[in-house]
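In what follows, a structure is listed as structure tokens, so that the remarks can point back to it.
What follows draws every value from the coordinates through simple rules; no lab data is involved. Note that this is a predicted model, so its numbers are computed, not measured. Here the Cβ is made from the backbone with ideal geometry for all residues, glycine too, and neighbour counts use every protein chain on show.
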Amino acid sequence: MALYRGALRMHFGASRHFFTPAALHQTRQSSENVSSKSKARAEPVDHVLYTQEHFALKDSLRKLIDQEINPYVDKWEEEGQFPAHKIFKILGNAGFLGVTKPVEYGGLGLDFSYSVAVAEELGNINCGGIPMAIGVQSDMATPALARFGSEELKKEFLLPSIMGDKVACLGVSEVGAGSDVASIKTKAVREGDDFVINGGKMWTTTGTQADWMCLLANTSDGPPHRNKSLICLPMNLPGIHIARKIDKLGMRSSDTAEVSFEDVRVPCKNVIGQEGMGFTYQMLQFQEERLWGVANILTMMEKVVQETVNYTRQRKIFQQPVLYHQVVHFRLAELQTEIELLRSLLYRCTEMYIKGNDVTKLASMAKLKAGRLARELGDSCLQYWGGMGFTSDVLVSRFYRDSRLMSIGAGADEVMLSIICKYMDTLPRK
Ligand SMILES: Cc1cc2nc3c(=O)[nH]c(=O)nc-3n(C[C@H](O)[C@H](O)[C@H](O)COP(=O)(O)OP(=O)(O)OC[C@H]3O[C@@H](n4cnc5c(N)ncnc54)[C@H](O)[C@@H]3O)c2cc1C
């Protein structure tokens, strides 16, 4: 039982309430008394990917979401920010920020299928912004550090990020470079035992609150795929400025920053793994990020379809529920079918990834499909809500705005298509 091993190997303070299989019964029993929203779900045990332990993990996370996050989402959406330190501490205490991370750094030491399960469950948060920020912390800014970082760096940055004591952000995109990661301009020049960093990052999720950044910078003048390094950069160093907090269409409860660097000195030992390998590490890190994103949006899509079923069942037009019009229930059935197809691809991909296969092609396909489906689904469902769908009061309109990012962030649809074409060997030869 991997989960048992993970939980038993941990030796942190008694204040940390880890998820353990023993907590399964407790969670299930107590959750029945919490609220109707968080009642234990009767999931099939012979699931294609998940065991009872996955479901127990999901159940205990759901309880936390219903108690600590969802009651405040509307307020945080309005304020344009959620309290990352507070929420991450709660999640860290319960073990949710390091599900796949090594137990010696506070993680649960589980395989990636548990991350997928957590990402799916986080889709029950009533917005896209907070799950995205949690994903940045657990599966986007930290995988390379966990895999390639020195012990010293892991102690300083990974452990507190898993425990929820430090907020992490990921600094890859720049004003002039998003899709074309190789063309970033931020430079880290060696001076003695330090790197001196100049440049800036754009679109940094949780950038106004973060304690450290997993920074991708050019550390030499070599070829673009070999001249980059990932660096653990404390965000309180002199020369780091939050240039602005970006006002966005969606993901409003997640703060997004533009960050500038002016002669920022950071020790060379803060480089993750091998100097010059940053591009490769980042591309590896992207695989988990993309699968995480797909898992997360699947739940949201399912929820929007269900809410649309509920709404259209009670809303009457021309003497019958909107839902009873064949065009409506057929369309919803089609969308649900697409969701299930995407879920199958995600699970297959996850299974292959756990077994050590290169899943770049399948993960890119899943990410592409998730972006396309989210756009289609958000548009179709919103339509059936009529004027209500055009208000800010309903989940469907928030999903419509938030989910638009899926086709842009972490590699736009066209980037996914290019990767797929590369694997299909259909790109024009130069
Ligand atoms: C809310 C939000 C949060 C984000 N969080 C982070 C973060 O935490 N850290 C981080 O590093 N980045 C983050 N990003 C950045 C995100 O990953 C980039 O926006 C994304 O990679 C696209 O880059 P770009 O915006 O520079 O668009 P560009 O690179 O300018 O691309 C513009 C468009 O060109 C098209 N395109 C791209 N490639 C091709 C091609 N080969 N052929 C044809 N057309 C193409 C696509 O339609 C694309 O949308 C975030 C972005 C947003 C909006």
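Values computed for the structure shown
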item	result
Potential lengthening between MET424 and THR391 on full extension [0.36 nm per residue; Cα-Cα distance subtracted]	7.6 nm
Cα convex hull volume per residue for the stretch 168-276 (Å³)	94 Å³
The stretch 242-259 - phi-based ³J(HN,Hα) in whole Hz, Karplus 6.51/-1.76/1.60, Gly and Pro as x	7, 5, 5, 9, 7, 7, 10, 4, x, 6, 6, 7, 9, 6, 10, 10, 9, 10
Pairwise centroid distance, computed over Cα atoms, of the stretch 314-375 with the stretch 212-271, Å	35 Å
Segment LEU237-ASP379, extension gain: residue separation times 0.36 nm, minus the distance between their alpha carbons	46.7 nm
³J(HN,Hα) computed for each position of the stretch 212-220 - Karplus, 6.51 cos²θ - 1.76 cosθ + 1.60, integer Hz, glycine/proline x	8, 10, 8, 9, 9, 9, 7, 10, 7
For GLU174, residues with placed amide H under 5 Å, excluding near neighbours	MET202
Contour minus Cα-Cα distance for ASP111 and LYS245 (0.36 nm per residue)	44.7 nm
27 Å Cα-Cα threshold exceeded, pairs from LYS228/LYS422; LYS86/LYS201; LYS63/LYS89; LYS58/LYS316; LYS248/LYS422	LYS58/LYS316; LYS248/LYS422
Under Karplus coefficients 6.51, -1.76 and 1.60, residue-wise ³J(HN,Hα) of the stretch 191-204 in Hz, glycine/proline x	9, x, 8, 10, 9, 10, 9, 9, x, x, 10, 10, 6, 7
For the chain, with +1 on Lys and Arg beta carbons and -1 on Asp and Glu, the positive-most of SER173, PRO83, THR312 along the dipole	THR312
Residue among GLY109, GLY92, GLY239 with the largest mean-square fluctuation in a Gaussian network model of the chain, springs linking Cα atoms under 10 Å	GLY239
Distance (nanometres) between label positions extended 7 Å along Cα→Cβ at LEU341 and GLN52	3.6 nm
Kirkwood-type radius of the stretch 279-424, with distances r between different C-alpha atoms, in Å	16.2 Å
Packing rank of 286-299, 409-422, where each peptide gets the mean count of other beta carbons within 10 Å, highest leading	286-299, 409-422
Positive-end extreme of charge dipole, the chain - chosen from GLY386, MET365, GLY123 (charges on Cβ)	GLY386
Angstrom value of the Kirkwood radius, inverse mean 1/r, which spans all Cα pairs in the chain	22.3 Å
Projected label distance in nm at GLN306 and LYS355, using a 7 Å step from Cα toward the beta-carbon	3.1 nm
Rounded D (µm²/s) - the stretch 327-392, Kirkwood Rh over Cα pairs, Stokes-Einstein at 25 °C, 0.890 mPa s	183 µm²/s
Kyte-Doolittle mean at least -0.5 and Cα axial length at least 24 Å: DSSP H helices in the chain	278-314, 326-354, 360-384
Residues HIS47, HIS54, HIS329 arranged by fewest to most Cβ contacts within 10 Å	HIS47, HIS329, HIS54
Antiparallel DSSP beta bridges within the chain, as percent of all bridges there, nearest 5	85 percent
Residues whose placed amide H lies under 5 Å from that of VAL167, excluding near-sequence neighbours	ASP211, TRP212
ARG315-GLU79 FRET efficiency (beta carbon distance; Förster radius 35 Å; 0.05 resolution)	0.65
Farthest positive-ward along the chain dipole, Cα basis, beta-carbon charges - from GLY164, ILE339, SER60	ILE339
